[in-house]
Amino acid sequence: MHYGHFSDNGKEYIIRRWDTPKPWVNYLTNGRFHSMISHIGSGHSYYLDFELNPITFRGNQQLLEAVPGKFLYLRDNETDEVWNANVAPCMKSEHFEARHGFGYTTISSTYNGIAARITYCVSEDDAEIWLVELANTTDRKRDLSVFSYSELVMGEYSFEALGPWFAHAMSSLRFENDAILGTKKFVKAPDGKSAIHWPYSLYVTTSLPPDGYETNRDKFVGMYRTLLNPRAVAENSVSNQGNDGESPLASFKWDLTFAPKESKEFSVVTGLVSFGDTHALSARLAKYKSLDNARKELARVQASWKTLLERFTVQTPDRFLDIDVNYWTKYQVVINALTWRNINNYYGCFDPGSGAGGFRNILCDAEGILAIDPADARHRIVTLAGYMMSDGRMAHSTPRPDIHVPPTSIGHKVDDAIWLLIAVEDYIRETGEHAILREEVSYLDGPTEPLWKHITKGMARLVNVKGQRGLPLLGTGDWNDALNGAGKNGIGESVWMGMFVFYGLTMALDVFGRFLPDIPEVKPLLARYKTRAEELKRIVNDQCWNGEYFIRAFDDRGETIGDKHCKEGAFYIEPQVWSVITGIADATRGLAALEAAEKHLLTPYGMQLLTPAYTEYDPGIGVISAFGPGTHENAAVFSQANIFGMVAWAMAGKGDRALNLYKCITPIGMSDERIALRELEPFVQCQYVDGHASQHFGRGACHWLTGTAAWIFKGLTEWVLGIRPTLDGLLIDPSIPAEWAFYEVKRPLRGSIYNIRVENPTHVTRGVKEIFVDGKKMTTARIPFATDKKKHEVRVIMG
Ligand code: GLC
């Protein structure tokens with residue numbers, strides 16, 4: 001590969017050049033302490049929520065620059081030359097290699113005869129660890145000074161964004177016992193109203209007693225200088241002073257001499273404890289004086305990722321699909337869940353509902369992790385159910401619902417309730433634990449009710465409130481957030497929502513019908529659901545099919561969106577693919593809609609969200625028409641929508657078409673040319689790539705935080721490989737390319753492990769002839785769930 005490649009076992013992405021088109025980033029996180037790190041050591045850290053508790057500085061230009069970051073400066077005291085062990089920001093390196101792995105990143109680089117290697121990880125006890133190795137590769141003695149550099153914020157990003165001068169006024173740093181200790185006396189409380197002492201104490205410590213330290217960034221960098229040439233390093237001097245109310249920094253200085261071929265190892269650890277917890281603080285400082293303890297934390301992080309990722313694995317004839325499902329996409333799903341979609345290089349968390357976060361996205365991640373960590377998924381689902389009002393409106397924008405950061409907007413996305421139902425149904429299929437429906441969950445405005453009530457309250461306005469044609473209202477957007485102008489006056493209707501509500505009602509009929517038959521109010525409710533589902537099926541099929549494809553919506557002005565006569569936005573992807581997923585269209589029409597979608601929308605990089613792109617802003621349609629043509633929802637190739645397409649093709653029994661769409665989207669296994677064009681991490685799904693109408697057709701945007709990952713994992717395993725827990729047993733229903741002769745899946749389910757081998761001797765794309773469980777031939781299509789918590793061998797013969 002041009003820039004890098006996967007390791008042979010697929011578990012690391014190895015980058016060979018530092019000049020990648022964008023910084024290629026890994027997330028190091030334990031679910032609380034989050035640290036983003038690029039292949040050159042740029043990145044920032046925060047605790048729980050980026051806005052409340054930034055730890056290190058983020059900056060606004062991170063995409064274009066190599067700063068800020070987790071830097072180690074090296075200074076050759078014979079020549080006065082300065083460079084960085086992690087490469088950024090000086091960007092000097094003769095040999096470079098970075099390895100992104102699960103929970104860690106290692107950057108190795110050699111310059112001036114000094115080989116450096118730093119491995120970064122985040123420990124279970126809320127600390128970012130740098131394990132540093134420096135080696136003199138030459139035959140002469142070397143005299144170096146080494147400086148660590150972490151630019152601090154310590155709470156309250158909004159101050160930082162407004163202007164650091166005031167934000168810094170409340171911070172304080174001291175050097176004690178070979179550690180720098182930091183605090184901030186005044187930050188915004190999570191409710192956004194009052195001010196509190198920052199509830200954490202920061203410590204930065206090292207296993208190698210330093211020869212000096214600096215706590216003031218301005219002194220370190222010096223006037224009229226930049227991080228390329230900081231004064232402290234150039235002049236080899238630090239102030240050894242604490243800092244009250246000035247630009248905060250944690251930097252250690254070590255003066256190190258190296259005999260020929262000598263190497264040295266040490267750690268730098270940046271962690272948090274609760275403010276005032278002096279016991280925890282002393283314990284951490286004592287612990288991290290030892291390099292060995294830091295090493296043990298790295299080993300622990302690596303072991304726990306291995307356990308998590310290797311719980312559910314597949315082996316197919318497609319090596320890259322295996323690497324994707326077994327490792328990187330699954331890793332991405334877990335990372336998305338662990339961060340609660342809080343921040344990436346593109347989005348801050350200030351309005352997560354219109355960015356990466358938000359109700360439906362967090363639920364989507366919960367579904368994604370279900371099969372590998374059902375208890376965690378449950379926690380996310382129940383937490384989200386508590387993020388709604390007792391009148392049924394969801395709090396769509398939720399920076400960090402688990403720590404009760406107040407929502408920034410209520411009820412403006414109409415589809416949220418159905419995503420909650422889907423997640424709950426998925427959870428019951430996975431675990432069998434339908435008691436979740438009766439779990440008492442409180443609303444944001446007080447009262448407590450069983451979870452099923454939350455769902456039905458959320459669905460009420462979709463069932464009872466209808467537009468002129470009888471479709472659900474579009475409001476300020478459905479799945480397509482950017483279609484936010486067409487229904488804002490309460491008249492516009494969404495065809496896609498008509499399909500989605502039909503899907504939700506069908507699901508509710510099944511789930512509530514089975515598990516809540518004893519509740520008197522459920523029966524009449526389900527009768528209403530049934531009538532409404534039938535009505536929606538009729539309306540969608542009779543009024544929203546234009547002879548070739550499904551139209552997208554009707555706006556407040558009564559105009560159609562996504563129909564043949566529209567000059568722009570004449571064809572939208574969502575209703576075509578969801579006509580199949582929801583089952584609202586019959587098989588013939590569903591297939592016709594998918595074929596039409598490919599005919600109108602397919603590019604070499606996947607299907608565009610719509611065509612042609614909007615060129616002028618039309619407030620009566622929404623912000624979608626203001627985005628640059630070919631970008632964002634305005635006719636970009638939206639990754640998640642393509643994966644919806646993949647699932648639709650698989651449901652229609654066309655495994656080859658399904659995989660074709662998937663291959664257009666996933667970077668795993670892409671050619672060098674595509675990677676260079678796409679620009680983003682070759683091991684991470686992105687939100688979209690630019691469409692035809694953009695000058696940068698094929699360029700990727702917005703890495704990491706996208707529901708694409710969850711849908712790839714779920715879609716490939718459940719619909720392509722067809723290993724699907726249902727409410728009535730484990731269904732094996734492959735929808736694969738004909739050339740596949742066999743595949744294997746290790747599937748944990750309800751405490752048992754199923755080792756499934758699917759053989760395809762006659763090279764069909766669908767159809768199961770025989771199933772053997774532990775050697776016994778099955779007479780039913782669905783395998784009853786085992787209750788013995790043992791391993792079971794399943795052999796499936798297609799034909
Ligand atoms: C973004 C949002 C997601 C939304 C999609 C389409 O990816 O995070 O929730 O459905 O855009 O608008």
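Kindly provide the set of residues from segment 401-416 that are under 21 Å from the mean Cα position of the chain (by Cα) and open to solvent by less than 20 Å² (accessible area, probe 1.4 Å), ordered by number.
401, 405, 413, 415, 416
Please go through segment 786-799 and pick out each residue that is buried (at least 17 other Cβ atoms within 10 Å of the Cβ) and in a loop (DSSP other than H, G, I, E, B).
Result: 786, single match.
Mind checking which residues of segment 262-319 are open to solvent by less than 20 Å² (accessible area, probe 1.4 Å) and hydroxyl-bearing (Ser, Thr, Tyr)?
Within segment 262-319, 267, 270, 288, 316 meet the criteria.
For segment 687-740, give me each residue that is in a loop (DSSP other than H, G, I, E, B), of a type in the set (Phe, Trp, Tyr) and within 16 Å of the ligand (Cβ to nearest atom).
Answer for segment 687-740, where residues must be in a loop (DSSP other than H, G, I, E, B), of a type in the set (Phe, Trp, Tyr) and within 16 Å of the ligand (Cβ to nearest atom): just 704.
With among the basic types (Lys, Arg), open to solvent by less than 30 Å² (accessible area, probe 1.4 Å) and out of contact with any Cys (no Cβ under 7 Å at 6 or more places or on another chain) as the only criterion, which of 393, 380 stands out? Show your work before the answer.
Numbers: 393 fails: open to solvent by less than 30 Å² (accessible area, probe 1.4 Å).
Criteria check complete, one pass: 380.
So residue 104 ticks every box in (1) within 28 Å of residue 242 (Cβ to Cβ); (2) under 26 Å from the mean Cα position of the chain (by Cα); (3) open to solvent by 20 Å² or more (accessible area, probe 1.4 Å) but one. Which box is left unticked?
Looking at each condition in turn, residue 104 falls short on (1).
So which pairs qualify, if the first residue must be in segment 298-312 and of a type outside the set (A, V, I, L, M, F, W, C), the second must be part of a helix (DSSP H, G or I) and surrounded by 14 or more Cβ atoms within 10 Å (Cβ to Cβ), the Cβ gap must be under 9 Å, and the two must be at least 6 apart or on different chains?
Here the result reads 310/326, each pair linking segment 298-312 to a residue that is part of a helix (DSSP H, G or I) and surrounded by 14 or more Cβ atoms within 10 Å (Cβ to Cβ).
Can you tell me which condition residue 75 does not meet? The list is (1) open to solvent by 30 Å² or more (accessible area, probe 1.4 Å); (2) part of a strand (DSSP E or B); (3) more than 28 Å from residue 303 (Cα to Cα), and all the others hold.
Residue 75 satisfies all of (1) open to solvent by 30 Å² or more (accessible area, probe 1.4 Å); (2) part of a strand (DSSP E or B); (3) more than 28 Å from residue 303 (Cα to Cα) except (1).
Check whether at least one residue in segment 353-369 is within 14 Å of the ligand (Cβ to nearest atom) and surrounded by fewer than 21 Cβ atoms within 10 Å (Cβ to Cβ), and report yes or no.
yes
Out of (1) under 20 Å from residue 3 (Cβ atoms); (2) free of Cβ contacts under 8 Å to residues at least 12 places away in the same chain, the odd one out for residue 660 is which?
(1)
I'm told residue 445 meets every condition in (1) open to solvent by less than 20 Å² (accessible area, probe 1.4 Å); (2) acidic (Asp, Glu); (3) away from the ligand (no atom under 16 Å from the Cβ) except one. Can you identify the failing condition by its number?
Among (1) open to solvent by less than 20 Å² (accessible area, probe 1.4 Å); (2) acidic (Asp, Glu); (3) away from the ligand (no atom under 16 Å from the Cβ), residue 445 violates only (1).
What number goes with the only condition from (1) open to solvent by 10 Å² or more (accessible area, probe 1.4 Å); (2) in contact with a helix residue (DSSP H, G or I) (Cβ under 8 Å, 6 or more places away or on another chain); (3) touching a residue at least 60 places away in the same chain (Cβ under 8 Å) that residue 617 does not pass?
For residue 617, the exception is condition (3).
Go through 207, 171, 194 for me and flag whichever is among the polar types (S, T, N, Q) and crowded, with 21+ Cβ neighbours inside 10 Å.
Result: 171 is the single residue among 207, 171, 194 that is among the polar types (S, T, N, Q) and crowded, with 21+ Cβ neighbours inside 10 Å.
Checking residue 440 against (1) more than 22 Å from residue 556 (Cα to Cα); (2) open to solvent by less than 10 Å² (accessible area, probe 1.4 Å), only one condition comes out false. Which one?
So the condition that residue 440 fails would be (2).
Can you pull out the residues in segment 460-486 that are without any contact (Cβ under 8 Å) to a residue 60 or more places away in the chain and among the hydrophobic types (A, V, I, L, M, F, W, C)?
462, 465, 473 - these are the residues of segment 460-486 that are without any contact (Cβ under 8 Å) to a residue 60 or more places away in the chain and among the hydrophobic types (A, V, I, L, M, F, W, C).
Name the pairs whose Cβ atoms lie under 7 Å apart, with the first residue in segment 329-345 and farther than 16 Å from residue 11 by Cβ, the second among the basic types (Lys, Arg) and away from the ligand (no atom under 15 Å from the Cβ), and 6 or more positions between them or separate chains?
337/380; 340/400; 342/400
Among the listed residues 184, 188, 193, identify the single one that is basic (Lys, Arg) and in contact with a strand residue (DSSP E or B) (Cβ under 6 Å, 6 or more places away or on another chain).
184
Looking at 471, 483, which is the one that is away from the ligand (no atom under 16 Å from the Cβ), crowded, with 18+ Cβ neighbours inside 10 Å and farther than 30 Å from residue 433 by Cα?
On inspection, the qualifying residue turns out to be 471.
Hey, among 706, 717, 762, which residue is modelled with pLDDT under 95 and closer than 29 Å to residue 654 by Cβ?
None of the other options fit; the residue is 706.
Within segment 688-723, which residues are open to solvent by 30 Å² or more (accessible area, probe 1.4 Å) and of a type outside the set (D, E, K, R)?
692, 693, 695, 696, 697, 719 - these are the residues of segment 688-723 that are open to solvent by 30 Å² or more (accessible area, probe 1.4 Å) and of a type outside the set (D, E, K, R).
Taking the stated definitions as given, is residue 112 surrounded by fewer than 20 Cβ atoms within 10 Å (Cβ to Cβ), in contact (Cβ under 8 Å) with a residue 40 or more places away in the chain and not acidic (Asp, Glu)?
When the stated conditions are applied, residue 112 does not pass them.
How many residues does segment 236-261 hold that are closer than 18 Å to residue 144 by Cβ, charged (D, E, K, R) and either open to solvent by 60 Å² or more (accessible area, probe 1.4 Å) or modelled with pLDDT under 95 (or both)?
Residues meeting the conditions: 2.
(1) under 28 Å from residue 339 (Cα atoms); (2) assigned to a strand (DSSP E or B); (3) open to solvent by less than 40 Å² (accessible area, probe 1.4 Å): which one isn't true of residue 743, the others all being true?
Evaluating residue 743 over (1) under 28 Å from residue 339 (Cα atoms); (2) assigned to a strand (DSSP E or B); (3) open to solvent by less than 40 Å² (accessible area, probe 1.4 Å) leaves (1) as the failure.
Results for (1) of a type in the set (D, E, K, R); (2) free of Cβ contacts under 8 Å to residues at least 40 places away in the same chain; (3) in contact with a Lys or Arg (Cβ under 6 Å, 6 or more places away or on another chain); (4) under 19 Å from residue 39 (Cβ atoms), shown as yes or no for each residue.
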position: 665; (1), (2), (3), (4): no, no, no, no
position: 671; (1), (2), (3), (4): no, yes, no, no
position: 686; (1), (2), (3), (4): no, no, no, yes
position: 694; (1), (2), (3), (4): no, no, no, no
position: 698; (1), (2), (3), (4): no, no, no, no
position: 702; (1), (2), (3), (4): no, no, no, yes
position: 714; (1), (2), (3), (4): yes, no, no, no
position: 719; (1), (2), (3), (4): no, no, no, no
position: 723; (1), (2), (3), (4): no, yes, yes, no
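Out of 574, 568, report the one residue that is closer than 18 Å to residue 607 by Cβ, in contact with a Leu (Cβ under 9 Å, 6 or more places away or on another chain), of a type outside the set (A, V, I, L, M, F, W, C) and open to solvent by 50 Å² or more (accessible area, probe 1.4 Å).
Result: 568 is the single residue among 574, 568 that is closer than 18 Å to residue 607 by Cβ, in contact with a Leu (Cβ under 9 Å, 6 or more places away or on another chain), of a type outside the set (A, V, I, L, M, F, W, C) and open to solvent by 50 Å² or more (accessible area, probe 1.4 Å).
Filter segment 620-666 down to the residues that are within 16 Å of the ligand (Cβ to nearest atom), in a loop (DSSP other than H, G, I, E, B) and over 14 Å from residue 574 (Cα atoms), then identify the one that is least open to solvent (accessible area, probe 1.4 Å).
Here the answer is 630.
For residue 52, are the conditions met, namely being assigned to a strand (DSSP E or B) and under 21 Å from the mean Cα position of the chain (by Cα)?
Details: assigned to a strand (DSSP E or B): no; under 21 Å from the mean Cα position of the chain (by Cα): yes.
So residue 52 fails the test.
The values are calculated or read from the model by the stated rules, or taken from the named source; none is laboratory data. What you see is a predicted model, and the numbers here were worked out from it, not measured in a lab. Cβ atoms come from the backbone with ideal geometry, glycine included; neighbour counts cover every protein chain shown. Areas reflect the complete protein model, heavy atoms only, side chains present, ligands, DNA and RNA absent. Shrake-Rupley method; radii C 1.70, N 1.55, O 1.52, S 1.80 Å.
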